[in-house]
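S.K.: What follows is a single structure, and I will ask about it in a moment.
The values are calculated or read from the model by the stated rules, or taken from the named source; none is laboratory data. Source: prediction; values computed, not measured. Every residue, glycine as well, gets a Cβ built from its backbone with ideal geometry; the counts of neighbours run over all protein chains shown. These accessible areas exclude ligands, DNA and RNA; they are computed on the full protein's heavy atoms, side chains included. Shrake-Rupley method; radii C 1.70, N 1.55, O 1.52, S 1.80 Å.
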Amino acid sequence: PQDCAVFHCRGCWAVLGDSLHLCAQEERWLGLLVCFKVTNDVAWEDSLLIGLEGPLLGCAYTSLSCQSCGSIVGLILYSASSALAYLRGLFCFFKDSINCYFLKNQMIIEASKVNFPVVTLKQ
C-alpha cells in the first residue's frame, strides 16, 4: 500500500502501531490518529480520568503511555460526548506525540503534518 507507515513515540522512537490498523482520524478537536490495535510498547492504567474542560469535558478515559519512556501518547475513551462517541474503546494517539515512518520512501514525518487517506468509523 502506498501510505504504509509505522507510528513511533516522539520521545524515544519506540514503535507504537502502524497505519494498517488505522481506523479513524479526528482532526477537529483533539488531533488524533485512531487504531484498533497497538504494540506491546503502549501501556495504559485501569484508573479512569474525567475531562474537566475542553473537548474532553465530561468524558471518561485512560491515558496511553509509551512503555519505554513513559511519555503520554494518547488515550482510550470509555465515556464520551456524542461528537466523540465513535472513538470509544479505541486507541487514540495524539498526533503531536508521535512520528510516522513511511516505508515506501523511508521518510520520517511528524504525525501532525501528515494527512492519511480518509478513514472513518463515523458511518
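S.K.: Quick check: anything in region 105-114 of a type in the set (G, A, S), surrounded by fewer than 16 Cβ atoms within 10 Å (Cβ to Cβ) and touching a Leu at 6+ places or on another chain (Cβ under 8 Å)?
M.R.: no
S.K.: Sticking with this one: Sort through L49, L16 and tell me the only one that's under 24 Å from P117 (Cα atoms) and modelled with pLDDT of 90 or more.
M.R.: On inspection, the qualifying residue turns out to be L16.
S.K.: Being open to solvent by 30 Å² or more (accessible area, probe 1.4 Å) and more than 17 Å from W44 (Cβ to Cβ) is the filter here; which residues of region 13-24 pass it?
M.R.: Passing the criteria: W13, D18, L20.
S.K.: What are the residues in region 87-123 that are farther than 19 Å from F36 by Cβ, modelled with pLDDT of 85 or more and not β-branched (V, I, T), if any?
M.R.: Hits for region 87-123 are D96, N99, Y101, F102, L103, K104, N105, Q106, M107, E110, S112, K113.
S.K.: Out of the residues in region 1-27 that are assigned to a loop (DSSP other than H, G, I, E, B) and touching a residue at least 24 places away in the same chain (Cβ under 8 Å), which is farthest from L75 (Cα to Cα)?
M.R.: Taking the candidates together, the pick is Q2.
S.K.: Output the number of residues of region 61-103 satisfying the condition of being of a type outside the set (S, T, N, Q), in a strand (DSSP E or B) and open to solvent by 10 Å² or more (accessible area, probe 1.4 Å).
M.R.: Number satisfying all stated conditions: 7.
S.K.: State which residue is most open to solvent (accessible area, probe 1.4 Å) when the search covers only region 39-60 and only residues that are among the β-branched types (V, I, T) and under 17 Å from G11 (Cα atoms).
M.R.: T39
S.K.: Select from region 25-38 the residues that are in contact with a Cys (Cβ under 8 Å, 6 or more places away or on another chain) and either surrounded by fewer than 17 Cβ atoms within 10 Å (Cβ to Cβ) or on the phi > 0 side of the Ramachandran plot (or both) and list them in ascending order.
M.R.: Selection gives F36 alone.
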